[in-house]
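Peer 1: Before I ask anything, here is the structure I am working with.
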């Protein structure tokens, strides 16, 4: 019977130790600075004051965020099912964000990419969430690190077969 009483107390002690270790690890992890950018790479005023400096409004700093490989294209897709043929014009829009953490602290970039009505985001990675018509991507960057984020979208239009 004594062994049964000891077992729960050992489990409680292990759980308490595990919680203490996890809490210590959480405290050791540095808080990431927040850098918010929009579809045009404008740094938003909600960003960390360290990054904003003297800016009160959205501003551009190509050393922190700029766009590369901005493309739009279109192609035809065809689907055949049970003797029915459907054709679609597919428009594609894609761009690559290049973000660089200019600070000596870890940062997270929040990239807010506006998605037009009836367009579908097909990026890898997918956005962390979609807020209304805005796809929100999270990009971690260590001090001085440069990171690339590819964002692609497409929209399909039915083509009249006649």
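Any read-out appearing in this document is the output of simple, stated calculations on the displayed coordinates, not a laboratory observation. From a predicted model like this one, the values you see are computed outputs, not experimental measurements. Reconstructed Cβ throughout: ideal geometry from the backbone, glycine too, with neighbour counts over all protein chains shown.
Peer 1: Looking for something farther than 27 Å from residue 31 by Cα, free of Cβ contacts under 8 Å to residues at least 24 places away in the same chain and outside any loop (DSSP other than H, G, I, E, B) - is there at least one such residue anywhere in region 147-159? Reasoning before the result, please.
Peer 2: Kept after step one, since they are farther than 27 Å from residue 31 by Cα, are these residues of region 147-159: 152-159.
Those still in the list that are free of Cβ contacts under 8 Å to residues at least 24 places away in the same chain too: none.
Checked against the condition, which is being farther than 27 Å from residue 31 by Cα, free of Cβ contacts under 8 Å to residues at least 24 places away in the same chain and outside any loop (DSSP other than H, G, I, E, B), region 147-159 yields no hits at all.
Peer 1: Within the bounds of region 40-57, is there any residue that is surrounded by 15 or more Cβ atoms within 10 Å (Cβ to Cβ), in contact (Cβ under 8 Å) with a residue 60 or more places away in the chain and in contact with a strand residue (DSSP E or B) (Cβ under 6 Å, 6 or more places away or on another chain)?
Peer 2: The answer is yes, given that some residue of region 40-57 is surrounded by 15 or more Cβ atoms within 10 Å (Cβ to Cβ), in contact (Cβ under 8 Å) with a residue 60 or more places away in the chain and in contact with a strand residue (DSSP E or B) (Cβ under 6 Å, 6 or more places away or on another chain).
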